[in-house]
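Asks: Okay, handing you the structure first.
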Amino acid sequence: MVVYISPALRLETFFETGFGLARDGKFNSKTQLPRFLQMVVLAHEFRDEIAAPRVAGTAIRGLAAALAPFARARGYRPRYPQYSDPESP
């Protein structure tokens, strides 16, 4: 797989958050992905940096926009100070 990232925007923070959550055991052990509501918050926050193509992308963006406030109310965040520099974009 070849991935081209330009401009990188806030991908560093996205990856720091993902790897920090994984390191701290906050991923689902079967899927090796963040919990659903954590993924919703990440997808909504980093929608300019990551996206699925076409119809799937539109559906994911809509779902993330609708559920992100609920996920935030449940305590999920798109970044955590223990994983990223608070001054990072």
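Asks: For the stretch 70-78, state whether one or more residues are under 25 Å from Pro7 (Cα atoms) and aromatic (Phe, Trp, Tyr). Lay out the reasoning, then the answer.
Replies: Quick first cut of the stretch 70-78, residues under 25 Å from Pro7 (Cα atoms) only: 77-78.
Keeping just the survivors that are aromatic (Phe, Trp, Tyr) gives none.
No; the residues of the stretch 70-78 include none that is under 25 Å from Pro7 (Cα atoms) and aromatic (Phe, Trp, Tyr).
Asks: Looking at (1) assigned to a loop (DSSP other than H, G, I, E, B); (2) surrounded by fewer than 17 Cβ atoms within 10 Å (Cβ to Cβ), which one does Ala59 not meet, given that it meets all the others?
Replies: (1) is the only condition that Ala59 fails.
Asks: May I ask you to list pairs of residues, at least six apart or on different chains, whose Cβ atoms are under 7 Å apart, with the first in the stretch 20-47 being modelled with pLDDT under 95 and surrounded by 15 or more Cβ atoms within 10 Å (Cβ to Cβ) and the second being part of a helix (DSSP H, G or I) and basic (Lys, Arg)?
Replies: From the stretch 20-47, the pairs are Arg47/Arg61.
Asks: Restricting the search to the stretch 19-58, which residues are more than 22 Å from Ala73 (Cβ to Cβ) and touching a Phe, Trp or Tyr at 6+ places or on another chain (Cβ under 9 Å)? Give the derivation first.
Replies: Taking the stretch 19-58 as the starting set, the residues that turn out to be more than 22 Å from Ala73 (Cβ to Cβ) are 19, 22-23, 25, 29-32, 48-58.
Of everything in the stretch 19-58, those that are more than 22 Å from Ala73 (Cβ to Cβ) and touching a Phe, Trp or Tyr at 6+ places or on another chain (Cβ under 9 Å) turn out to be Phe19, Arg23, Glu49, Ile50.
Asks: List pairs: first residue in the stretch 70-83 and farther than 12 Å from Gln38 by Cα and at pLDDT below 95, second residue among the β-branched types (Val, Ile, Thr) and surrounded by 17 or more Cβ atoms within 10 Å (Cβ to Cβ) anywhere in the structure, Cβ distance under 6 angstrom, at least six positions apart or on different chains.
Replies: Between residues of the stretch 70-83 that are farther than 12 Å from Gln38 by Cα and at pLDDT below 95 and residues that are among the β-branched types (Val, Ile, Thr) and surrounded by 17 or more Cβ atoms within 10 Å (Cβ to Cβ), the close pairs are Tyr83/Thr17.
Asks: Got a sec? Which of Ile5, Ile50 is surrounded by 12 or more Cβ atoms within 10 Å (Cβ to Cβ) and in a loop (DSSP other than H, G, I, E, B)?
Replies: After applying the criteria, what remains is Ile50.
The values are calculated or read from the model by the stated rules, or taken from the named source; none is laboratory data. Remember, it's a predicted structure, so these values are computed and weren't measured experimentally. A quick note on method: Cβ atoms are made from the backbone with ideal geometry, for glycine too, and the neighbour counts reach across all protein chains shown.
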